[in-house]
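Right, one structure below, let's go through it.
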Ligand SMILES: [Zn+2]
Ligand SMILES: [Zn+2]
């Protein structure tokens with residue numbers, strides 16, 4: 001079965017909505033206009049309940065199906081990025097320095113398309129919770145919505161999310177059971193030495209040498225402490241210190257990121273970083289302080305839900321257009337917080353040969369709206385069949 005006919009019939013309206021949203025990008029939790037746009041469309045569509053002001057500008061809307069049954073959660077993100085758009089599209093951002101470079105405008109409209117279909121047909125049992133979240137790119141809006149209790153408050157039993165994928169054929173889906181996207185941690189190391197004249201280093205405690213030693217030693221965590229078959233990336237991305245060629249500085253800063261999939265690996269890295277920083281500080285007679293921050297956790301699909309979602313995707317796009325066991329990616333996604341709270345799955349939907357995510361020339365491909373909207377709608381009908 002291809003994309004749902006009634007969604008396909010409305011695709012020109014959905015495309016108009018998407019381009020309208022594309023012109024008005026908003027960042028982080030400041031998704032006021034897009035949130036109001038979503039509320040207005042949902043009112044027109046005739047959903048049964050709309051709760052706004054969750055995670056500031058997030059909202060949850062409910063559509064009642066037929067009779068009793070569980071509530072299935074469908075999530076879209078709404079926020080844009082601090083990038084200056086160079087797509088050249090007639091509907092390009094009207095705000096310099098902000099653009100929808102990750103296609104969250106498209107995600108929002110695909111979920112609205114599904115909402116329209118589901119509110120008109122109601123060919124499912126139980127309820128649907130449409131989750132529109134701010135602050136995916138930074139701030140972890142999904143985690144804030146979970147912490148504000150949406151899963152219990154709306155009695156959500158399982159939850160699904162979808163992201164567009166440049167470089168993958170239009171309408172092709174992929175997902176995988178288990179980990180699909182990495183956890184992101186960051187670290188900051190502040191080194192305090194004692195500066196002085198570069199010609200008399202014996203009178204200083206040099207933080208530059210200590211910083212370099214710390215960076216070198218960090219490389220041994222993934223090569224010597226880590227089991228080779230578990231995925232781990234540690235990248236030191238910043239060293240800041242110094243002001244002139246003849247001055248030994250007082251301080252140095254080292255910062256970077258850690259990408260992994262297993263909390264035990266995160267624990268190991270955090271312990272080893274602390275040992276390395278303390279040990280190298282002692283060796284070079286400086287003081288050093290480590291701050292280790294766990295940002296988004298790994299996005300871990302529940303195997304049954306991922307397989308089920310892939311089956312639904314095959315109904316939409318055909319058996320050859322869906323991969324259900326792809327490799328994991330080192331990127332991150334805050335939908336991970338929702339998958340920690342409830343079973344569910346995250347999938348990617350190909351949007352053809354376009355510039356990549358977060359690129360200034362990127363634009364969401366409107367041709368995939370009917371695929372994404374049909375997928376969400378069919379997922380509900382299959383997960384919660386009437387009389388099922
Ligand atoms: Zn992004
Ligand atoms: Zn994104």
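The values are calculated or read from the model by the stated rules, or taken from the named source; none is laboratory data. Small disclaimer: the values here were computed from a predicted structure and weren't measured. Here the Cβ is made from the backbone with ideal geometry for all residues, glycine too, and neighbour counts use every protein chain on show.
Can you tell me which residues in the stretch 123-138 are more than 13 Å from ligand 2 (Cβ to nearest atom) and either part of a strand (DSSP E or B) or on the phi > 0 side of the Ramachandran plot (or both)?
125, 126, 127, 128, 129, 130, 131, 132
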* Answer yes if at least one residue in the stretch 363-375 is within 14 Å of ligand 2 (Cβ to nearest atom), modelled with pLDDT under 95 and assigned by TED's automatic domain parsing to the domain that holds residue 162, and no otherwise. => no
* Structure fact -> Within the stretch 94-122, the residues that are in a helix (DSSP H, G or I) and within 16 Å of ligand 2 (Cβ to nearest atom) are 104, 105, 106, 107, 108, 109, 110, 111
* To do: Please indicate, with yes or no, whether at least one residue in the stretch 142-158 is assigned to a loop (DSSP other than H, G, I, E, B), within 16 Å of ligand 1 (Cβ to nearest atom) and assigned by TED's automatic domain parsing to the domain that holds residue 319.
  => no
* Structure fact -> Scanning the stretch 348-371 residue by residue, those within 16 Å of ligand 1 (Cβ to nearest atom) and within 30 Å of residue 125 (Cα to Cα) turn out to be 348, 349
* Before we move on, is residue 179 in contact (Cβ under 8 Å) with a residue 60 or more places away in the chain, in a loop (DSSP other than H, G, I, E, B), out of contact with any helix residue (DSSP H, G or I) (no Cβ under 6 Å at 6 or more places or on another chain) and within 30 Å of residue 373 (Cα to Cα)? -> no
* Structure fact -> Scanning the stretch 159-171 residue by residue, those assigned to a strand (DSSP E or B) and away from ligand 2 (no atom under 16 Å from the Cβ) turn out to be 159
